[in-house]
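All remarks here apply to the structure that follows.
The values are calculated or read from the model by the stated rules, or taken from the named source; none is laboratory data. Here the structure is a predicted model, which is why all the values come from computation and not from measurement. In this analysis, Cβ positions are derived from the backbone assuming ideal geometry, glycine residues included, and neighbour counts consider all displayed protein chains.
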Amino acid sequence: MNRQQLDKYLTTQTPQATLLYGECAFWIDLYSKKIASKSVEPENIARFYFGDYEYSQVLDLLGQSSLFGDSTLVILKLDKKLSKKELQAFLNALEKNAQNSLIIEFYKSDSRSSSEYARDFKEMAGMFKGERVVEVRFFEPNQSECQMLLAQRAKELGIQIDMRSLSFLLGMQNGDIAIALKELEKFVYFDRQIEEKDVGELCSALGSVEIEDLLGALLMRKNVMGIYARLEEEGLDEMGMMSAIASHFYKLFMIFAFIRSHGRVDAKEVLGYVPPSFVLDGLVREAMSLREGQYKAVFEVMIEWRLQIFSGRGKIGGAIVALQKLQSILG
């Protein structure tokens, strides 16, 4: 099933078992929320994030019957395929408990090639057959779909902005609709028509924040030395870079520890604010992609790096050594 077919399906039905996958994480997240809102009340949703997934716990939730007619929705955010045995057990449990439902958001892992991911999702999708069971593959939205989404969101927020300015905003973000939607929210307090110059002045162009590029490359297990070289050319603030990296990994560890303790994430409690859902989901993915031992090793490197900077011993090559150690730990 594709996105258009799913839209038509959702006008008359709500699936009990749903597999969402494909090339666009934004669509996967958006339609998971849309289906969840049609399925149960928010308090009846159980979410499991990546490394937090436990087969027995999920099976118990899907297999439980309520004397009071309550429904349970389990949402799994995964980047590793489920075995046929596990997936079949979940689907069997749903057949016996029609009030419960399941949504699997299956994302591509950084450690898997596109062809390996395609092989994985085709295997899982082959098991999603039957009544109230759907599997949907999403592709990256085209230009017109992105503009439609931006226009719709602008209307919801009460922002006065024309299609030309929305197109300019999208272009600044290299077509990344998730980031463009986040940038659009900056204009909610304007009580006038938004023009291109407003977008240019207030919004950040994708690729202009090299520290974020560096963090992204580290967490995606890519080589960071090219990005580091550009930072050095532009006048590297080593203390600022070190602090930004340390702060991000601390944030990830707080999310990791909270999920391990509570089985869920509470952005307000962990971060002190509630970021957009796609931002939070990205942080959760990053947080749960690391093990406790890796966090310990990362923080030891950061402490050593900080001490070298303060002592003056790390001015020549200190950043390179630290980044190489971080890549080795995360690798």
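Some points to look at:
- Every condition in (1) over 30 Å from Y55 (Cα atoms); (2) among the basic types (K, R); (3) modelled with pLDDT of 90 or more is met by K222 except one, and the failing one is (3).
- Pairs, first on the phi < 0 side of the Ramachandran plot and assigned by TED's automatic domain parsing to the domain that holds G240 in segment 294-323, second outside any helix (DSSP H, G or I) and modelled with pLDDT under 90, C-beta under 6 Å, six or more apart: Q308/G314; L323/V224
- Counting the residues of segment 76-112 that are hydroxyl-bearing (S, T, Y) and in contact with a Gly (Cβ under 6 Å, 6 or more places away or on another chain) gives 0.
Quick grid of which residues meet (1) assigned by TED's automatic domain parsing to the domain that holds K8; (2) of a type outside the set (S, T, Y); (3) over 30 Å from T11 (Cβ atoms):
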residue	(1), (2), (3)
Y107	yes, no, no
K122	yes, yes, no
M127	yes, yes, no
V134	yes, yes, no
A151	no, yes, no
I159	no, yes, no
G175	no, yes, no
E196	no, yes, yes
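- Filtering K77, K38 for residues that are within 27 Å of L252 (Cβ to Cβ), modelled with pLDDT under 95 and among the basic types (K, R) leaves a single hit, K77.
- Selection status of S109, modelled with pLDDT of 90 or more, touching a helix residue (DSSP H, G or I) at 6+ places or on another chain (Cβ under 9 Å), surrounded by 12 or more Cβ atoms within 10 Å (Cβ to Cβ) and of a type in the set (S, T, Y): no
- Restricting attention to segment 174-184, the residues that are under 18 Å from C24 (Cβ atoms) and touching a Cys at 6+ places or on another chain (Cβ under 8 Å) total 3.
- Residues of segment 266-291 that are buried (at least 16 other Cβ atoms within 10 Å of the Cβ), not hydrophobic (A, V, I, L, M, F, W, C) and not in a loop (DSSP other than H, G, I, E, B): D281, G282, R285, E286.
- Among residues of segment 1-29 that are closer than 11 Å to Y107 by Cβ, those with a Cβ under 8 angstrom from a residue that is part of a loop (DSSP other than H, G, I, E, B) and among the hydroxyl-bearing types (S, T, Y), sequence gap 6+ or separate chain, pair up as Y21/Y107; A25/Y107; I28/Y107.
Yes or no, residue by residue, for (1) modelled with pLDDT under 90; (2) of a type in the set (F, W, Y):
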{"position": "Y273", "(1), (2)": "yes, yes"}
{"position": "D281", "(1), (2)": "yes, no"}
{"position": "E300", "(1), (2)": "no, no"}
{"position": "E304", "(1), (2)": "yes, no"}
{"position": "K315", "(1), (2)": "yes, no"}
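- Residues that are outside any helix (DSSP H, G or I) and not polar (S, T, N, Q), drawn from segment 112-134: R112, G126, M127, F128, K129, G130, E131, R132, V133, V134
- The set of residues in segment 96-111 being under 16 Å from L19 (Cβ atoms) and not in a loop (DSSP other than H, G, I, E, B) consists of S101, L102, I103, I104, E105, F106.
- Only one of L170, L166, L149 that is among the hydrophobic types (A, V, I, L, M, F, W, C), assigned to a helix (DSSP H, G or I) and modelled with pLDDT under 90: L170
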